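Let me begin by presenting the structure, written as structure tokens, before commenting on it.
The values are calculated or read from the model by the stated rules, or taken from the named source; none is laboratory data. Treat the numbers as computed from the prediction; the structure is a model and nothing was measured. Glycine gets a Cβ as well: all are built from the backbone with ideal geometry, and neighbour counts include every protein chain shown. In case anyone asks, the SASA skips ligands and DNA or RNA and just uses the protein heavy atoms, side chains included. Shrake-Rupley method; radii C 1.70, N 1.55, O 1.52, S 1.80 Å.
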Amino acid sequence: MFYREAGDFKTTYAKDSQTFPIRFDRYRYYVVMAVAILVVPFVVNDYWASAVLLPFLIYAIAAIGLNILTGYCGQVSLGTGGFMAVGAYACYKLMTAMPDVNIFFHVILSGLITAGVGVLFGLPSLRIKGFYLAVATLAAQFFLVWLFNKVPWFYNNSASGQISAPTRTVFGAEVTGPTASAEVKYLFCLAFVIATAWIARNLTRGSLGRKWMAIRDMDIAAEIIGVNPLASKLSAFAVSSFFVGIAGALFFAVYLGAVEVGEVYGINKSFLVLFMIIIGGLGSIFGSFAGAAFIVLLPVFLKNVLVGQFGWATDLAAHLEIMILGLLIIVFLVLEPHGLAQLWRITKEKLRLWPFPH
Amino acid sequence: MKTKLLAALTATIMGAAPALADLTIPTLNYRTGPYAPSGIPYADGFSDYLTLLNERDGGIGGEMIDEKECETGYNTEKGVECYEQTKADGLIYIPQSTGITYQLIPKASADNIPVWSVAYGRTSAVNGKVFEWIFNMPVTYWDGASVAVKYAMEEEGGSLDGKKIALIYHNSAYGKEPIRTLEALSEKHGFELLPLAVDHPGQEQKSQWLQIRRERPDYVLMWGWGVMNQVAIQEAANIRFPMDKFIGVWWSGSEADVVPVGAGANGYKSLNFHGTGSEFPAMQEIKSMVIDAGMGAGDGSKFGEVGYNRGVFAAAVTTEAIRQAQEASGKSDISPSDLRDAMESLEITEDRWSEMGLPGFAPAISVTCAVHSSPRLAAVQQWDAEAGEWNLLTDFMEPDFDVVDPLIEEDSMAYAAEAGIEPRSCE
């Protein structure tokens, strides 16, 4: 009923290969975009915009980045936190070295710098894979955090080793710094989310994405049919790190405003983003969003229910949150190892046939 | 039905419970995570003192105090979320973490809410000309580093020339704070400084202690927190480092740090800025009116510990500032700006401490517009493992202001330049 395909005739190749081939899907996508851009900034309060939506959007970018590497190209990475730190410190150095340049370009440049670092740490992937590669990227995680803690140049020799984002503007509106309004920050991040999701979607369904998936599914077979493993793996590392770097830069400059590398970009961050893509669904752009939403929103929701509504002790609620989240992760992975995206796919299939399943 | 459910759900998520009381104090506690052993006693002490005021006096100036607990787990992101959630009616923020303090310094300054980092956070916030809304009372890390060195110097008969002092520190903003001061002091007094970093959360420090064993420093200073402290004290006991030459900062000197080590910790020293034990009238009132009455925030087992007393200290100074704000503004329902003004002219004399039921608990406090910290004194306390109690060894000592103050001036002016702040004149 909802997904009527009758009448959805595709008369051109372009129409046949569009992202949302079903009309209902397409309209829903437009509605979501319109609400996100035109409605949300005007109705949300400060708490929602700066404490809930910002982390959700930024984690979604990081999840898309990791999903490209792990979900699409099959290269396991535990270095996400370290690469996010590269983005953050690149952004900080750029912001303080070139205060007159628009922050927008700083964020993109930070992504490019991270892409370079990512390629460097992606080099071992040519020789090793699976668990061994996971350990190599883990080394990247620890090395990068150590580096940013050790070398005072990265934090401009400040006494405490903290970096804090000075005020920077886009079109005269403050995006970073303490006085930036929540709506502007939200829209700034939203712009990056839309752009990265759009780029990722188009990369993954093009020839580059097909090469990644070929490598993921069986690298030897892929090599035999003419996929260059060197170029494919390194391009996956580069693109993935680019997105992760952007996420790290936004996380530091727009969301938190001040960062201590060991705490914010520690190994926990790597695991968190990995959980997101596993729960959301490997190899799916929608899954990256779903996973980010699950991991970011659920604890906030639980906290507000347990403490705000029931009035339970905060430490009890905090422990319960961890337990419930852990339990849900296990239940999810047992019931649907392909994540939320797969659940959504199945629902869609069912809805297409409903109410006549046979 | 569905819309009803949805509406209920949305209302739940928004979680905007209306403020019942007017004096709302949000507390960013951490009763979970690797730092919980240090976080729980403080949180209990703070809450219990507020409960005492509500029960005994009916709040402050006739207004009940509403404490809004928010669990941060010592995590910066959760701290930011807590701040955003409660800032609408929060009177003051006590961030309870150097990381969260750094987050809140620009945010709270823009939102016009005072922030009091209780002897942690950004040391240069002492300069009230630059940091209008931030207070770093009663003493800062740089003062602490100087007091520790001064104490060591007295022990050594007045000179540290040619001596070696190791600093074992948590590898974070918090742990790095004293390095700059210690470097300046090592130049002045001619001792050699050996900084040794320990990574979060701090259980892994075998190699650092191996180095201490090899280098044989005359003193070891420690800037540790949470589980890091007990591991360090255990390691020091293992290598038989003389405990009376091992001095921790005030966050490295509570029961949670020494009790697990047992007899080996006997003689360990740390800095402190308030009294120890529970022999104060107000503490006894807490015991009888709050804990024994079943209204305590915790199970009462932390009562009288150093961490607990620190919570009482923070709560006592905060509520005293609220009382003075009510007097100055002439209304009981004060705003965050009223509280800031009161904190800037805060006066707690020895007599006032006695009136509050805490005679001799802490030195007198007198804050000014230009100096957002007072009295900037610290004492050295020592652990008596047999009796199971901390004892103050010395009087409250002054740091070497000639070294610390220029550093504060330099760092705060650098911040002012970076953040585009025009320092106030404070006339």
Candidate set from region A:137-160 (those that are in a helix (DSSP H, G or I) and open to solvent by less than 30 Å² (accessible area, probe 1.4 Å)); member that is nearest to A:ILE215 (Cα to Cα) | A:THR137
How many residues, within region A:10-23, are farther than 19 Å from A:ILE199 by Cα, in contact with a helix residue (DSSP H, G or I) (Cβ under 9 Å, 6 or more places away or on another chain) and surrounded by 12 or more Cβ atoms within 10 Å (Cβ to Cβ)?
-> 1
Filtering region B:164-196 down to residues that are away from chain A (no Cβ under 14 Å) and among the small types (Gly, Ala, Ser), which residue is surrounded by the most Cβ atoms within 10 Å (Cβ to Cβ)?
-> B:ALA166
Could you list, in sequence order, all residues of region B:42-83 that are within 18 Å of B:VAL312 (Cα to Cα), assigned to a helix (DSSP H, G or I) and either among the aromatic types (Phe, Trp, Tyr) or within 13 Å of chain A (Cβ to nearest Cβ) (or both)?
-> B:TYR42, B:ALA43, B:ASP44, B:PHE46, B:SER47, B:TYR49
Within region B:253-311, residues being in a loop (DSSP other than H, G, I, E, B), of a type in the set (A, V, I, L, M) and buried (at least 21 other Cβ atoms within 10 Å of the Cβ) number 1
Please work out which residue is nearest to A:VAL264 (Cα to Cα), limiting yourself to region A:161-204 and to residues that are buried (at least 17 other Cβ atoms within 10 Å of the Cβ) and among the basic types (Lys, Arg).
-> A:LYS185
Quick check: anything in region B:88-99 within 9 Å of another protein chain (Cβ to nearest Cβ) and assigned to a helix (DSSP H, G or I)?
-> yes
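Of all residues in region B:71-85, which are open to solvent by 10 Å² or more (accessible area, probe 1.4 Å) and closer than 18 Å to A:ASP46 by Cα?
If the condition is that a residue be open to solvent by 10 Å² or more (accessible area, probe 1.4 Å) and closer than 18 Å to A:ASP46 by Cα, then B:GLU77, B:LYS78, B:GLU81, B:GLU84, B:GLN85 are the ones that fit.
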Pairing a residue in region A:94-105 that is touching a residue at least 60 places away in the same chain (Cβ under 8 Å) with any residue that is surrounded by 15 or more Cβ atoms within 10 Å (Cβ to Cβ) and in a helix (DSSP H, G or I), where Cβ atoms lie under 6 Å and the two sit 6 or more apart in sequence or on different chains, gives A:MET95/A:HIS106
With the condition kept exactly as written, say whether any residue in region B:121-143 is away from chain A (no Cβ under 12 Å), without any contact (Cβ under 8 Å) to a residue 60 or more places away in the chain, within 18 Å of the chain's Cα centre (by Cα) and in a loop (DSSP other than H, G, I, E, B).
-> no
Matching option when the condition is within 14 Å of another protein chain (Cβ to nearest Cβ), in a helix (DSSP H, G or I) and either under 25 Å from A:LEU133 (Cα atoms) or modelled with pLDDT under 95 (or both), among A:GLY209, A:GLY248 | A:GLY248
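Is it fair to say A:VAL40 is touching a Leu at 6+ places or on another chain (Cβ under 7 Å) and in contact (Cβ under 8 Å) with a residue 60 or more places away in the chain?
When the stated conditions are applied, A:VAL40 does not pass them.
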Please enumerate the residues belonging to region B:186-208 that are in contact with a Phe, Trp or Tyr (Cβ under 8 Å, 6 or more places away or on another chain) and either among the hydrophobic types (A, V, I, L, M, F, W, C) or part of a helix (DSSP H, G or I) (or both).
-> B:LEU196, B:ALA197, B:VAL198
Considering each residue of region B:209-228, count those that are within 14 Å of another protein chain (Cβ to nearest Cβ), in contact with a helix residue (DSSP H, G or I) (Cβ under 6 Å, 6 or more places away or on another chain) and either surrounded by fewer than 16 Cβ atoms within 10 Å (Cβ to Cβ) or not in a loop (DSSP other than H, G, I, E, B) (or both), and give that number.
-> 1
Only one of B:THR51, B:THR72, B:THR101, B:THR86 is at pLDDT 90 or above, of a type in the set (Val, Ile, Thr) and out of contact with any Ser or Thr (no Cβ under 9 Å at 6 or more places or on another chain); which?
-> B:THR51
Qualifying positions in region B:312-329 - in contact with a strand residue (DSSP E or B) (Cβ under 9 Å, 6 or more places away or on another chain), without any contact (Cβ under 8 Å) to a residue 40 or more places away in the chain and open to solvent by 10 Å² or more (accessible area, probe 1.4 Å) | B:GLN324
Name, by its number, the condition in (1) more than 18 Å from A:LEU302 (Cα to Cα); (2) at pLDDT 90 or above that does not hold for A:LYS348.
-> (2)
Collect the residues in region B:54-68 that are in contact (Cβ under 8 Å) with a residue 60 or more places away in the chain and either closer than 15 Å to B:LYS287 by Cβ or open to solvent by 40 Å² or more (accessible area, probe 1.4 Å) (or both), keeping them in residue-number order.
-> B:GLU55, B:ARG56, B:GLY61, B:GLY62
Do we find that A:SER50 is farther than 19 Å from A:SER288 by Cα, surrounded by 19 or more Cβ atoms within 10 Å (Cβ to Cβ) and polar (S, T, N, Q) in this structure?
-> yes
Any idea which of A:VAL296, A:VAL254, A:VAL307 is among the aliphatic types (A, V, I, L, M), without any contact (Cβ under 8 Å) to a residue 12 or more places away in the chain, in a helix (DSSP H, G or I) and within 14 Å of chain B (Cβ to nearest Cβ)?
-> A:VAL307
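Check A:VAL244, A:VAL273, A:VAL239, A:VAL261 and return the single one that is within 26 Å of B:GLU418 (Cβ to Cβ) and in contact (Cβ under 8 Å) with a residue 12 or more places away in the chain.
A:VAL261
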Does B:PRO34 satisfy the condition of being surrounded by fewer than 21 Cβ atoms within 10 Å (Cβ to Cβ) and either under 20 Å from the mean Cα position of the chain (by Cα) or within 14 Å of chain A (Cβ to nearest Cβ) (or both)?
-> yes
Taking region B:360-398 only, how many residues are open to solvent by less than 50 Å² (accessible area, probe 1.4 Å) and not in a strand (DSSP E or B)?
-> 16
Return a yes/no flag: does region B:199-207 have any residue that is in contact with a helix residue (DSSP H, G or I) (Cβ under 6 Å, 6 or more places away or on another chain), at the interface with chain A (Cβ under 10 Å from one of its Cβ atoms), at pLDDT below 90 and open to solvent by less than 30 Å² (accessible area, probe 1.4 Å).
-> no
